[in-house]
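Notes follow once the structure below has been shown.
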Amino acid sequence: MTVRNAGSRPGREVVQVYVAGPPGDSRRPVRVLGAFGIAAVAPGETAEVTLRVPARVFARYDEEAGGWAWPRGRFTVEVGRSSRDLRLTAPVMSA
């Protein structure tokens, strides 16, 4: 994603990626922090931020099976400053 500094002073922005879903799976949290990074941007400039979300973020621990389970369905990847300020979303299907 691209971060732009619209201010008159140098700035830093923390970018966070969350993964939500699939809907109806009460054994997962509403969303999970998948990755984060920091962009340092000069006044009036932009910076590209590339983050890698590990595949394991899409899994959940199954206590009965004693291991990781990989639910199928639609997940949503959300990007923003925090879990309360999510500005970008993209659907991801798990087959």
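Just one of Ala90, Ala35 is surrounded by 13 or more Cβ atoms within 10 Å (Cβ to Cβ) and at pLDDT 95 or above; which is it? Outline the logic, then answer.
Values: Ala90 fails: surrounded by 13 or more Cβ atoms within 10 Å (Cβ to Cβ).
Just a single option satisfies the conditions, and that option is Ala35.
Is it the case, given these coordinates, that Arg4 is surrounded by 12 or more Cβ atoms within 10 Å (Cβ to Cβ) and over 18 Å from the mean Cα position of the chain (by Cα)?
Values: surrounded by 12 or more Cβ atoms within 10 Å (Cβ to Cβ): yes; over 18 Å from the mean Cα position of the chain (by Cα): yes.
Judged against the criteria, Arg4 is a match.
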Elements of type strands (runs of 3 or more DSSP E) in segment 15-95, at least 1 residues being farther than 13 Å from Met1 by Cβ: 31-41, 60-62, 67-69, 73-82, 85-94
Would you call Tyr61 surrounded by 11 or more Cβ atoms within 10 Å (Cβ to Cβ), among the hydroxyl-bearing types (Ser, Thr, Tyr) and in contact with a Leu (Cβ under 9 Å, 6 or more places away or on another chain)? no
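Being loosely packed, with under 10 Cβ neighbours inside 10 Å and at pLDDT 90 or above is the requirement here; does Gly67 meet it?
Numbers: loosely packed, with under 10 Cβ neighbours inside 10 Å: yes; at pLDDT 90 or above: yes.
Yes.
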So, in segment 40-57, exactly how many residues are open to solvent by 40 Å² or more (accessible area, probe 1.4 Å) and either within 18 Å of the chain's Cα centre (by Cα) or over 19 Å from Glu13 (Cβ atoms) (or both)? 8
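The values are calculated or read from the model by the stated rules, or taken from the named source; none is laboratory data. Computed from a predicted model, the values in this text were never measured in an experiment. So basically every Cβ, Gly included, is an ideal-geometry build from the backbone, and we count neighbours across all protein chains shown. Surface areas here come from the heavy atoms of the whole protein model, side chains and all, with no ligands, DNA or RNA. Shrake-Rupley method; radii C 1.70, N 1.55, O 1.52, S 1.80 Å.
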